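Worksheet: one structure, shown below.
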Amino acid sequence: MLQIPHRLLHGPGPSPVAPSVLEALGKPCIGHMDPAFMRIMNEVREMLQLVFRTENAMTLACSGTGSAGAEMLMDNLVEPGDVCLIGINGVFGGRLTDKAKRAGGVVHNLHAEWGQVFDTDEILAKIEELKPALVAFVHAETSTGACQPFDRLAEATHKHGGLLVMDCVTSLTGLPVEIDAWGVDAAYSGTQKCLSCPPGLSPVTLSERAMHKANNRKTPANSWYLDLNLVGNYWGGSRAYHHTAPVNMNYGLHEALRLALEEGLENRWARHQRVHELLKAGLVERGFEYASDPEHSLPMLNLVRVPDTIADEAAARRQLLEEHQLEIGGGLGKLAGECWRIGIMGHGAREENVSAILSALDAVVA
Ligand code: PLP
């Protein structure tokens, strides 16, 4: 039998998984067309609507990780020649750009310093100039710890018939994500961040306007596997077989969603904020310096500069892992070697986890 080390997961994800989610994952596998599983799919969809704060009928758990959800949206919503406006202030805006280009989009980028967010007026001016068919921003940039405000973007995007897309992989259930109230047309997330389920599914939601575009494409979506016209009939509609849903992953997500809703979204957001403030106070007291814009810092992802006293940051992270069972993340992309990413997500956003993180850091960072 496999032996798995017991780790404290405080990097950029996966996050610690609640015992009842692990128990749900281990329940007997049943057929993916079994009426009992169809009921589970329905309940997953209903609970996803609640956490996304949407009434979108097209809300489902895409089979695959967050990148699959991103690709599902780009492949279905971008047609060859479509003008797209995508913000890059970290790794994940860059990946969205790549996906939109592969779908044939003519992509224009706005750039901001890593760790900073975009000024809303700057985005609005660019939308007015380009009148894009698709506008996409990352709500919670996991590579930098910055939270992009989404207010006023939908109105400007819709004025020219465009669609507003949001990456909420890291923010969903850790921060307010208001799909309907903010007028977001399509969004994707991941299970392994604040939902505290292992990686493997990507919650996605699309408005009727977004589905109108997906249903009326001149050419079929590039990806057969992620084609919403086909996947949509599997998750709803005629329930036609498309692919074999990862049955047990859906059990796990079902339980993770149940826990999030039982806690209450507002309570969960407040818990992330409270635990973030506790962690931040402890880090600052120890001389750590935050590298993201303090006005727009994410609670669940803390980007700090590697202390000067550490000569080899990778060796220090290895020591944290091997001697203290603590996983934290290294810097990604441009920030590799310069920063550390300390995540407090979902089940891991607890006071006792902050104590464990700080005492491990005390032992390794002199
Ligand atoms: N977008 C953001 C903001 C992320 O943090 C991640 C993963 O960390 C992704 C997209 C891609 O998700 P995945 O690694 O689950 O494919």
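Coordinate-derived values only; no laboratory data. Owing to the predicted nature of the structure, the values given are computational and were not obtained by experimental measurement. Because the Cβ atoms are built from the backbone with ideal geometry, glycine has one as well, and the counts that use them run over all protein chains shown.
Computed values, structure above
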{"quantity": "Volume per residue that the Cα convex hull of the chain spans, once the total is divided by residue count, Å³", "calculated": "131"}
{"quantity": "Projected-area mean, the range 253-366, by convex hull of Cα positions, square nanometres", "calculated": "7.9"}
{"quantity": "In the range 219-289, chymotrypsin sites (Phe, Trp or Tyr not before Pro) in a DSSP loop with at most 15 other beta-carbon atoms within 10 Å", "calculated": "W224, Y241"}
{"quantity": "Listed pairs K99/K218; K27/K101; K27/K280 exceeding 30 Å between Cα atoms", "calculated": "K27/K101; K27/K280"}
{"quantity": "Paired Rg and Dmax values of the range 296-338, which use every Cα atom, in angstrom", "calculated": "11.2, 33"}
{"quantity": "The chain - charge dipole about Cα centre, Lys and Arg +1 at Cβ, Asp and Glu -1, debye rounded to 20", "calculated": "940"}
{"quantity": "Percent RCO, i.e. relative contact order, over the range 19-262, from Cα pairs under 8 Å lying at least 6 residues apart", "calculated": "28"}
{"quantity": "Ranked list, fewest to most other Cβ atoms within 10 Å of each Cβ, for S202, S238", "calculated": "S238, S202"}
{"quantity": "J(HN,Hα) series, the range 349-360, from Karplus relation 6.51 cos²θ - 1.76 cosθ + 1.60, nearest Hz, glycine and proline x", "calculated": "7, 9, 4, 5, 5, 4, 4, 5, 5, 5, 6, 5"}
{"quantity": "Using θ = phi - 60° and Karplus 6.51 cos²θ - 1.76 cosθ + 1.60, couplings along the range 179-186 (whole Hz; Gly, Pro as x)", "calculated": "4, 6, 5, 8, x, 6, 8, 8"}
{"quantity": "Calculated FRET value between K218 and R258, using beta carbons and R₀ = 35 Å, to 0.05", "calculated": "0.25"}
{"quantity": "Cut-off under 5 Å, modelled amide H: who pairs with A349 long-range", "calculated": "none"}
{"quantity": "Sparsely packed trypsin sites (Lys or Arg not before Pro) within the range 259-366, loop by DSSP, other Cβ within 10 Å at most 16", "calculated": "R286, R350"}
{"quantity": "Packing-based ranking, highest mean first, of 178-186, 214-222, 323-331 given that Cβ atoms within 10 Å are counted", "calculated": "178-186, 323-331, 214-222"}
{"quantity": "Percentage relative contact order, the range 1-145, counting C-alpha pairs under 8 Å, at least six apart", "calculated": "20"}
{"quantity": "5 angstrom amide H check on I344, placed H, neighbours 5+ away", "calculated": "L301, N302"}
{"quantity": "Cut-off under 5 Å, modelled amide H: who pairs with A136 long-range", "calculated": "L85, I86, G87, V165"}
{"quantity": "Helix-only [θ]222 nm of the chain, DSSP H runs n ≥ 4, -39500 (n - 2.57) each, per residue, nearest 500", "calculated": "-12500 deg cm²/dmol"}
